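Peer 1: Sharing a structure, written as structure tokens. Questions coming.
The values are calculated or read from the model by the stated rules, or taken from the named source; none is laboratory data. None of the values given here were measured: they were computed from a predicted structure. Glycine also receives a Cβ, built like all others from the backbone with ideal geometry; neighbour counts cover every protein chain displayed. With ligands, DNA and RNA removed, areas are computed over all heavy atoms of the protein, side chains included. Shrake-Rupley method; radii C 1.70, N 1.55, O 1.52, S 1.80 Å.
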Amino acid sequence: MTAETSSGTDADLRAGVIAVQGNVSEHAAAIKRAAFENGFSVIVEQIRQAGVVPNCDLLLLPGGESTTISRLLKREGIDAEIKQHVAAGKPILATCAGLIVSSSDAKDDRVTTLDILDVTVDRNAFGRQKDSFEAPLSIDGIDDPETPFPAVFIRAPLIDAIGDDVSVLAWWDENPVAVRQGPVLATSFHPELTPDDRLHRLAFFAEEIITDSPVHPETDV
Ligand SMILES: NC(=O)CC[C@H](N)C(=O)O
């Protein structure tokens, strides 16, 4: 585990990036920028073992390779802690392989899903069509909605079924590619790979998250 602080030792928020595998440093940089732009200071922890998640206000579950991430989360006992984080109403952003791991069913025995997001996914469906591409997305709720979000898709999963409690925030090619269920926001693309941090701001600093989440300082009692 490593800890860095963006503003000295007394930060408003503690963010945890699940760092067992995947795009860790990019998410750490993006959450620091997003917090700063919203007037919060943040400490970022990279999480590789159990015991850290319970102290985090926000979590990021990066892309990478979902069978590996799922195996390591289970082996380290981090899986149960993530589920508790979500059950407590604390926000999490899950991207690409993170979305696969968060789903209720990845249709692959090698992925033990966390079941924190009521969607079914097809792991490499976009990847089979084209390994990697960028698409300008219109995303519900982001700042400056007239400016498309540059979404980078890399062997991206396809969301092929969604539960009643899941709302779709963005579509591409008639498929949902950004979804929200309570404190869980998940994307099949990689918002951390561009300097545009509007998606990170939506995941953690949208008005309903600030109001509903038990973690923001204004709402702490
Ligand atoms: N860029 C990604 O995170 C790709 C995820 C990959 N499709 C998997 O199954 O793990």
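Peer 1: So, of the residues in the range 55-77 that are under 19 Å from Ile210 (Cα atoms) and within 17 Å of the chain's Cα centre (by Cα), which turns out to be farthest from the ligand (Cβ to nearest atom)?
Peer 2: Our first condition is that a residue be under 19 Å from Ile210 (Cα atoms); within the range 55-77, this holds for 55-60.
From what is left, the residues that are within 17 Å of the chain's Cα centre (by Cα) are 56-60.
Values: Cys56: 21, Asp57: 24, Leu58: 20, Leu59: 16, Leu60: 13 Å.
Checking each candidate, the answer is Asp57.
So that you can scan it fast, the table gives a plain yes or no per residue for (1) among the β-branched types (Val, Ile, Thr); (2) in contact (Cβ under 8 Å) with a residue 24 or more places away in the chain; (3) over 16 Å from Ala94 (Cβ atoms):
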{"position": "Arg123", "(1), (2), (3)": "no, yes, no"}
{"position": "Leu137", "(1), (2), (3)": "no, yes, yes"}
{"position": "Phe153", "(1), (2), (3)": "no, yes, no"}
{"position": "Val184", "(1), (2), (3)": "yes, yes, no"}
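Peer 1: Let me spell it out: the conditions are (1) open to solvent by 20 Å² or more (accessible area, probe 1.4 Å); (2) modelled with pLDDT of 95 or more; (3) under 14 Å from Ala97 (Cβ atoms), and His190 meets all of them except one. Which number is the exception?
Peer 2: With respect to (1) open to solvent by 20 Å² or more (accessible area, probe 1.4 Å); (2) modelled with pLDDT of 95 or more; (3) under 14 Å from Ala97 (Cβ atoms), His190 is out only on (1).
Peer 1: Can you confirm whether Ala50 is within 16 Å of the ligand (Cβ to nearest atom) and surrounded by 14 or more Cβ atoms within 10 Å (Cβ to Cβ)?
Peer 2: Working: within 16 Å of the ligand (Cβ to nearest atom): no; surrounded by 14 or more Cβ atoms within 10 Å (Cβ to Cβ): yes.
When the stated conditions are applied, Ala50 does not pass them.
Peer 1: Something else about it: Mind checking which strands (runs of 3 or more DSSP E) fall wholly inside the range 157-217 and carry at least 1 residues that are in contact with a Pro (Cβ under 6 Å, 6 or more places away or on another chain)?
Peer 2: On the way: elements: 158-162, 167-172, 175-181, 184-187.
By residue number, 158-162, 167-172.
Peer 1: Next question. Of the conditions (1) within 10 Å of the ligand (Cβ to nearest atom); (2) over 20 Å from Ala203 (Cβ atoms); (3) buried (at least 16 other Cβ atoms within 10 Å of the Cβ), Arg110 fails just one. Which one is it?
Peer 2: (3)
Peer 1: Let me ask something additional. Any idea how many residues of the range 116-150 are under 19 Å from the mean Cα position of the chain (by Cα), surrounded by fewer than 16 Cβ atoms within 10 Å (Cβ to Cβ), assigned to a loop (DSSP other than H, G, I, E, B) and modelled with pLDDT of 95 or more?
Peer 2: Qualifying residue count, the range 116-150: 2.
Peer 1: A further question follows. Yes or no: the range 95-103 includes at least one residue that is touching a strand residue (DSSP E or B) at 6+ places or on another chain (Cβ under 8 Å), free of Cβ contacts under 8 Å to residues at least 60 places away in the same chain, within 14 Å of the ligand (Cβ to nearest atom) and more than 21 Å from Ala203 (Cα to Cα).
Peer 2: no
Peer 1: Would you check if Phe36 is assigned to a helix (DSSP H, G or I), more than 26 Å from Thr112 (Cβ to Cβ), away from the ligand (no atom under 14 Å from the Cβ) and open to solvent by 10 Å² or more (accessible area, probe 1.4 Å)? Steps first, answer last, please.
Peer 2: On the way: assigned to a helix (DSSP H, G or I): yes; more than 26 Å from Thr112 (Cβ to Cβ): yes; away from the ligand (no atom under 14 Å from the Cβ): yes; open to solvent by 10 Å² or more (accessible area, probe 1.4 Å): yes.
Against the criterion (assigned to a helix (DSSP H, G or I), more than 26 Å from Thr112 (Cβ to Cβ), away from the ligand (no atom under 14 Å from the Cβ) and open to solvent by 10 Å² or more (accessible area, probe 1.4 Å)), Phe36 qualifies.
Peer 1: Here is a check on your reading of the model: is Ala28 farther than 14 Å from Ile92 by Cβ, buried (at least 23 other Cβ atoms within 10 Å of the Cβ) and within 14 Å of the chain's Cα centre (by Cα)?
Peer 2: Working: farther than 14 Å from Ile92 by Cβ: yes; buried (at least 23 other Cβ atoms within 10 Å of the Cβ): yes; within 14 Å of the chain's Cα centre (by Cα): yes.
So Ala28 fits the description; yes.
Peer 1: Here's something else I'd like to know. Please indicate, with yes or no, whether at least one residue in the range 55-75 is assigned to a loop (DSSP other than H, G, I, E, B), surrounded by 19 or more Cβ atoms within 10 Å (Cβ to Cβ) and of a type in the set (A, V, I, L, M).
Peer 2: The answer is no, given that none of the residues of the range 55-75 is assigned to a loop (DSSP other than H, G, I, E, B), surrounded by 19 or more Cβ atoms within 10 Å (Cβ to Cβ) and of a type in the set (A, V, I, L, M).
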